[in-house]
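J.: This is the structure, below, for whatever I ask next.
Values in this text are rule-based calculations from the coordinates and carry no lab data. What you are looking at is a predicted structure, and each value in this text was computed from that prediction instead of being measured. FYI the Cβ positions are ideal-geometry reconstructions off the backbone, even for glycines, and counts take in every protein chain you see.
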Amino acid sequence: MIWDEIEIPKEIRQFMPDGAEETALGQKNGAKKQYRYGNLHIREYDDKYLVHMDKVDPRKDPLGHLVQDAPEFLVGITSAVIAGNKVSSGLYKLQKNVPFAKSTSIFAGLVVSAVAGYAVYAITKKLKDL
């Protein structure tokens, strides 16, 4: 949960600081658009804005932003790489003399990578939001 997120209803106030830039960086969470103004992250919905401060501006320090503000992405990516590599190499060692062993093991590794990465990301995000 983002404890310092503020909701600004559009009916009360149209809100957008001068100099805020539309960006693709960040989770949209269903927003129509999102903007950045320094460390300020603004999500625009049909009826409101949700605003919070990030610790690190991802436009200036993407890795620092992931570490400080979105570690669930790093944990998910790391898990995906490790799990996919383990399954792919293990399967290839078992089947290396079988036709299509290489492509089968790569495909299995990619599938496991996607499932493991997303599962660990989702679990980590839930734990972070507690």
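J.: Under the rule of -39500 (n - 2.57) per DSSP H run of 4 or more residues, summed and divided by the residues of the chain, what mean residue ellipticity at 222 nm is obtained, to the nearest 500 deg cm²/dmol?
T.: Result for the chain: -16500 deg cm²/dmol, rounded to the nearest 500.
J.: So which GluC sites (Glu not before Pro) in the stretch 10-64 are both in a DSSP loop and have at most 10 other Cβ atoms within 10 Å of their Cβ?
T.: Those that pass, being in a loop and sparsely packed, are Glu11.
J.: Two decimals is fine: what's Rg over Rh for the stretch 74-130, C-alpha atoms, Kirkwood radius as Rh?
T.: Rounded to two decimals, Rg/Rh equals 1.16.
J.: Here's a follow-up. Full-extension gain between Thr78 and Lys33, please, as 0.36 nm times their residue separation minus the C-alpha to C-alpha distance.
T.: The Thr78-Lys33 span can extend by a further 13.3 nm.
J.: While we're looking at this one, here's another question. Which pairs, out of Lys28/Lys126; Lys48/Lys128; Lys86/Lys128, put more than 22 Å between their alpha-carbon atoms?
T.: From Lys28/Lys126; Lys48/Lys128; Lys86/Lys128, over 22 Å: Lys48/Lys128; Lys86/Lys128.
J.: Rank these for me by crowding, His41, His52, going from fewest to most other beta carbons within 10 Å.
T.: In increasing order of surrounding Cβ atoms, one gets His52, His41.
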